[in-house]
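Here the structure is laid out as structure tokens; the discussion comes afterwards.
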Amino acid sequence: MRHHALDWYAVAALVAHGFGIALVPRLAPVPEQYPVVRVPLRGEPLPVRRLVAAVRRGSEQQPPIARAMAALRAAADDREVKRV
């Protein structure tokens, strides 16, 4: 059986009450009052997370947005090279 929830507090409550396990993003909040622990995933291949940037249609050519997108791409490329 599987369940899908968009609220991390609901996910933590399900796990805390014995209704299985959950894959949770590192930055997702997990309430301290629940008896839930985070267990890092390890192994090969390493788990990855794909991110996208959202901009208003037609604005990607505006200089500040173009610079920000270039900086994000450079940071992503740097992480890929270092395998961080």
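The values are calculated or read from the model by the stated rules, or taken from the named source; none is laboratory data. If you're wondering where the values come from, they're calculated on a predicted model, not measured in any experiment. We place every Cβ from the backbone using ideal geometry, glycine too, and count neighbours over all the protein chains shown. Keep in mind that these areas ignore ligands, DNA and RNA; they rest on the heavy atoms of the full protein, side chains included. Shrake-Rupley method; radii C 1.70, N 1.55, O 1.52, S 1.80 Å.
Considering only the stretch 8-41, state which residues are of a type in the set (D, E, K, R) and under 21 Å from A76 (Cα atoms).
Listed by number, the list holds a single entry, R26.
Can you confirm whether A22 is surrounded by 10 or more Cβ atoms within 10 Å (Cβ to Cβ) and not in a loop (DSSP other than H, G, I, E, B)?
Taking the combined requirement at face value, the residue does not satisfy it.
If you check V52, V84, V48, V37, which single one turns out to be within 30 Å of I21 (Cβ to Cβ), assigned to a loop (DSSP other than H, G, I, E, B), open to solvent by 80 Å² or more (accessible area, probe 1.4 Å) and modelled with pLDDT of 90 or more?
Of the residues listed, the single one that is within 30 Å of I21 (Cβ to Cβ), assigned to a loop (DSSP other than H, G, I, E, B), open to solvent by 80 Å² or more (accessible area, probe 1.4 Å) and modelled with pLDDT of 90 or more is V37.
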